[in-house]
Amino acid sequence: MGKAVFRFYAELNDFLDSDKKQKPFEYRFFGNPSIKDAIQAIGVMHTEVDLILVNSNFVDFDYNLNDGDFVSVYPVFESIDISPLKGLTPPLRVLRFIADVHLGKLAKYLRMLGFDTLYSNSAEDSEIMEAAQTEGRVILTKDKGILKNGRVDKGYFVRSDKAKMQIKEILKRFDLYSSIEPFKRCMVCNGEIVNVHKSDIINRIPPKTRLYYDEFRICKSCGRIYWKGSHYQKMMQFIEDVRLPH
Ligand SMILES: [Zn+2]
């Protein structure tokens, strides 16, 4: 039997038992398991991990543990520029998401802020993984199981249960503050929304709206029409609120 010492950093501690949090602890193993398997066995999803040091050298997930190794494991530092050090996954640039069935409201908020986010309340895990893989999307989920699947390379376990806290969590985790573009995506279907001439849609808007508003936008996918009515002010207030880091 081999012994290695592990130390997990920052929010990776969220997944550890209390006797392992924020300090080095011993991990025993048979043979030479991959470090990816060891990390998962300890309870941390590989998708949460971005950087692993063994005896002060960078290693990737295929590294096989040896007796006496000292392992430091760091989370995905999307908000800190460590690009020269990154070894495991290419940095996520244009972030696109897919939310699991429990995160409908979060998906709506992400779209409101302009982020491409797929969501269906009936999607199977296999469909979510398929879409994430083919379209390079980050899976947002409340289900740790899906993040342990070997097919998943980009994923994030959403901690909060409240949608407004969840959106704050995502903005902070992926440092999305400077990428917010309100009203670029349809909140209903994730389609792109673009300007449209009032005259082209005049028959589709209520008489009072015709009277008071001249600027309209339309979803290219589902045809829903948007204008800066009373909803708009509330949304802007919401956006101002969630974009505050704390
Ligand atoms: Zn739409």
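Annotations for the structure displayed:
- Which listed residue, of 198, 168, 164, 208, is crowded, with 16+ Cβ neighbours inside 10 Å and among the charged types (D, E, K, R): 168
- Annotation note: Cβ proximity below 6 Å between a residue of region 187-201 that is of a type in the set (Lys, Arg) and a residue that is surrounded by 14 or more Cβ atoms within 10 Å (Cβ to Cβ) (sequence gap 6+ or interchain) occurs for 198/216.
- Complete set of residues in region 8-63 that are hydroxyl-bearing (Ser, Thr, Tyr), in a strand (DSSP E or B) and farther than 26 Å from residue 133 by Cα: 27
- Checked against (1) under 23 Å from residue 15 (Cα atoms); (2) touching a Lys or Arg at 6+ places or on another chain (Cβ under 8 Å), residue 216 passes all but condition (1).
- Extreme residue, surrounded by the fewest Cβ atoms within 10 Å (Cβ to Cβ), among residues of region 121-144 that are touching a helix residue (DSSP H, G or I) at 6+ places or on another chain (Cβ under 8 Å) and polar (S, T, N, Q): 121
- Selection count where residues are at pLDDT 95 or above and at positive phi, scope region 55-71: 1
- From 27, 9, residue being modelled with pLDDT of 95 or more, in the same structural domain as residue 64 (by TED's automatic domain parsing) and under 20 Å from residue 65 (Cα atoms): 27
The values are calculated or read from the model by the stated rules, or taken from the named source; none is laboratory data. In this text, all values refer to a predicted model and were calculated from it rather than measured experimentally. Here Cβ is always computed from backbone atoms with ideal geometry, including for glycine, and neighbour counts include all displayed protein chains.
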